[in-house]
1. Mind listing whichever residues of segment A:369-384 are within 14 Å of chain B (Cβ to nearest Cβ) and open to solvent by less than 30 Å² (accessible area, probe 1.4 Å)?
2. So which of B:Ser310, B:Ser270, B:Ser315, B:Ser302 ends up being modelled with pLDDT under 95 and out of contact with any Phe, Trp or Tyr (no Cβ under 7 Å at 6 or more places or on another chain)?
3. Does A:Leu90 fit the bill of being in a loop (DSSP other than H, G, I, E, B), open to solvent by 10 Å² or more (accessible area, probe 1.4 Å) and within 12 Å of chain B (Cβ to nearest Cβ)?
4. Considering only residues that are within 12 Å of chain B (Cβ to nearest Cβ) and touching a strand residue (DSSP E or B) at 6+ places or on another chain (Cβ under 9 Å), which ones fall in segment A:93-122?
5. Consider A:Pro237 against the criteria (1) open to solvent by less than 20 Å² (accessible area, probe 1.4 Å); (2) within 24 Å of B:Lys328 (Cβ to Cβ); (3) under 22 Å from the mean Cα position of the chain (by Cα): it satisfies all of them except one. Which criterion is unmet?
6. Taking the residues in segment B:331-355 that are open to solvent by 20 Å² or more (accessible area, probe 1.4 Å) and touching a strand residue (DSSP E or B) at 6+ places or on another chain (Cβ under 8 Å) as candidates, determine which candidate is farthest from B:Leu295 (Cα to Cα).
7. Closer than 19 Å to A:Gly287 by Cα and surrounded by fewer than 24 Cβ atoms within 10 Å (Cβ to Cβ): is that true of B:Gly366 in this structure?
There are 2 protein chains.
Amino acid sequence: MESVDLIVKADYVLTMSQDLAVIEGGAIAIKGSKIVAVDTASQILQNYSSSKMINGEGKVAFPGLVNTHTHAAMVYFRGLSDDLPLKVWLEEHIWPAEAKWLSPEFVSDAVELACLEMLKAGITAYADMYFFGDAVAQSTKKIGMRAVVGSGVVDFPSATGNNADDYLANADRFIRKWKGDDLIVPSIADHSAYACSPETLKKSKALADRYDVMLQIHLSETEWEVNEMLSRHGRRPAAHLDSLGLLDEHLIAAHCVWLEPDEIELLAKSKTNVSHCIESNLKLASGIAPVVKMLQAGVRVSFGTDGAASNNDLSILSEMSTAAKVHKAVSGDPTALTAKQAMLMATRHGAEALGLGSLCGSLAAGKAADIVLAELNRPHLIPLYDMYSHMVYSMTAADIDTVLIGGRVLLEHRTLASGNEDDIVAKAVQWSKKIKEVHSHS
Amino acid sequence: MESVDLIVKADYVLTMSQDLAVIEGGAIAIKGSKIVAVDTASQILQNYSSSKMINGEGKVAFPGLVNTHTHAAMVYFRGLSDDLPLKVWLEEHIWPAEAKWLSPEFVSDAVELACLEMLKAGITAYADMYFFGDAVAQSTKKIGMRAVVGSGVVDFPSATGNNADDYLANADRFIRKWKGDDLIVPSIADHSAYACSPETLKKSKALADRYDVMLQIHLSETEWEVNEMLSRHGRRPAAHLDSLGLLDEHLIAAHCVWLEPDEIELLAKSKTNVSHCIESNLKLASGIAPVVKMLQAGVRVSFGTDGAASNNDLSILSEMSTAAKVHKAVSGDPTALTAKQAMLMATRHGAEALGLGSLCGSLAAGKAADIVLAELNRPHLIPLYDMYSHMVYSMTAADIDTVLIGGRVLLEHRTLASGNEDDIVAKAVQWSKKIKEVHSHS
């Protein structure tokens, strides 16, 4: 009988491990930050003892969901402007709001709200692209979540730099500061091939390689971007990145809406990670990414919420549901993007995309105890015939009950255990009053 | 100072009435089953007094959502089979399950679960197409919801009839029994133009006209249906119904996915009500209805969840969100199907589609007190810049707190006040165990 720190029981344990085992009446033994065993509750209780136990009756346990593309701080602009053309939305609403408000304080407060929302939606790890990376990292760490935090790089001036070299110097400093942290993984976030010159992209890649960190980028989000790249470089965006040596398994390419078959091949061969942000792409009318074709070609596709300003929530459950349904209609094939595939993309494949595949993404001995428990005894979750179907087509963020990251309970019965929810909400309301006042007069 | 039975206050009252007023710090005075006044809280409290008050602090009040197409009892088949081609799904899973299980007891118990789920999602009125109409009506009335209940008509035998004349006789009896009820509105539900002969359709229409009730039908759901109608009658489905005199404001046509421009014109001119079931259409890969074109042509479009077996939930909030996003991408226009339009379709236009336009669908003096209160103080609903955006893009069923129908409080702080939730859930679990056992051995 081995003594452990915590045993988590659940009516069902969805492991998402290689054999995709679903254990009825399962349990997970946890020591420190790691899982030591996943098995039936009776086996676990025979082999392990613990003074701390989470009962999980009427609940399903699964690996924390992974959000592979967002701009967490933009949660403060949720619903600030909707139903507008992308150009008007960006140039007349979002960019002026960012120019007016962005500061380390703004980002720090906003990221706390974003983390709270994501945690309550069962997300345990996310990839962020924004500015003031230290503020993003500190707030995320304060809540206790995992994040791959990108230090933003563009060619034009903003509050954090005057030119690409400034941003790259920021990124260099940011990476050295956070490398080796137990929760925060530093990375470089090149905005896009249209906002970063070939030289900037190559310098970023060299920096990422030097420190062995991930590179994040927006890729082929809109048709405009494709045409712009064709006219500037005579190549479509994916081919352009390929020519600069950026496509590899250390790149997270968000969106990838406008792809030709040969570009899909490029992404597959290079093992580039694609973050599919369907709700944002739909809402901004950017288009519908060829996910079914990417999956068929062997591209590693995961889900991203994008920023809350263009979604308008930070729920991967919702992305799964939308994607699994929309790609059936678009491909004309009701067997496309099954519930099981969607769950894999939201967990194991998402963790792999962030370079965290050996750390999290499934429930197995040796992995971090990043575990979510969701309520099953709700009218909209009854009857229960198939757990994957439930997770993808019926469950919503409000069903998430408990969230552990690295063995630490961060959310307990839908309440934040690692911070003060009321404070986070109060700060958000204060900021939003200021933003609203200025915005409604502009 | 006039004495009323109940005053409902809310931080925001979304009236959805002709002027689309949004009242900050609003209140609604209710006498019996009706609204007597909607105004600012200070005005209402100056003019009305009541011993009963719902405080609504931190909440938004809006008219009950309307679900214009479902098969409520199919909630017991939620997730029984997914990710399958329509033919396999129907012929190998759903129809055998129905043949095995359908009975008044099954329908009665299942409809209670469906009503519970819909109520918790802020739905106050729905249109149902199924068999055993008395069981549907009784369970709905027991919970206290409004429904337009269709008595099913097909040409083939089933548990409730041998031929069309049997079903029509059932419908005749059903209409006479329920006509004049305060919550249940009887109607006739012809399955489709492919499951009902021209003669059956004409007889149904004559019966509907005789009693002045609504006719419901599935229309142009799949490409197969269009080809079938072309080969049988030389006309596409909408033109076929038009030739039989079925298209008018008393028809609720569900789906309408495969429409040519001249069919859209037919639906607009005839004032036929279209129930848009986007999530079901996506999930079964039936296609995407040309809703933007229908709206431009003046067709009255509302939202339906379809049955939970093909959705897999009964939430109009979710349909709104999916529709408002998908139609932007499909039309390539981010201004298409705005949040405000979606809310109108889900409330006032939905009520009008069910022939209940003078009774409900907006919050105004003289209308039934069908009122929903939703929680605003949740991380995913902060900040708040625009209430329509919130309702459509961020709110989920779990945010619904209180539901009144005809002045009666049916849901109070997310708990059913008009029945025993645990009993409803327990019955569902029992049925599902039996269904699962047989299904997994078939």
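1. So the first thing to find is which residues in segment A:369-384 are within 14 Å of chain B (Cβ to nearest Cβ), and the list is A:374-384.
Answer for segment A:369-384, where residues must be within 14 Å of chain B (Cβ to nearest Cβ) and open to solvent by less than 30 Å² (accessible area, probe 1.4 Å): A:Ala374, A:Leu376, A:Pro379, A:Leu381, A:Ile382, A:Pro383.
2. Step by step, each of B:Ser310, B:Ser270, B:Ser315, B:Ser302 is checked, and only B:Ser310 is modelled with pLDDT under 95 and out of contact with any Phe, Trp or Tyr (no Cβ under 7 Å at 6 or more places or on another chain).
3. Considered against the rule, which asks whether it is in a loop (DSSP other than H, G, I, E, B), open to solvent by 10 Å² or more (accessible area, probe 1.4 Å) and within 12 Å of chain B (Cβ to nearest Cβ), A:Leu90 comes out as no.
4. A:Ala114, A:Cys115, A:Leu116, A:Glu117, A:Met118, A:Leu119, A:Lys120, A:Ala121
5. All conditions pass for A:Pro237, except number (3).
6. Selected residue: B:Gly355.
7. Judged against the criteria, B:Gly366 is not a match.
The rows are residues; the columns are (1) in a loop (DSSP other than H, G, I, E, B); (2) surrounded by fewer than 23 Cβ atoms within 10 Å (Cβ to Cβ).
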residue: B:Leu20; (1), (2): yes, yes
residue: B:Gly26; (1), (2): no, no
residue: B:Gln43; (1), (2): no, yes
residue: B:Glu57; (1), (2): yes, yes
residue: B:Lys100; (1), (2): no, yes
residue: B:Val107; (1), (2): no, no
residue: B:Val111; (1), (2): no, no
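The values are calculated or read from the model by the stated rules, or taken from the named source; none is laboratory data. Quantities reported herein were computed from a predicted structural model and do not represent experimental measurements. Because the Cβ atoms are built from the backbone with ideal geometry, glycine has one as well, and the counts that use them run over all protein chains shown. All accessible areas refer to the heavy atoms of the entire protein, side chains included, with ligands and DNA or RNA removed. Shrake-Rupley method; radii C 1.70, N 1.55, O 1.52, S 1.80 Å.
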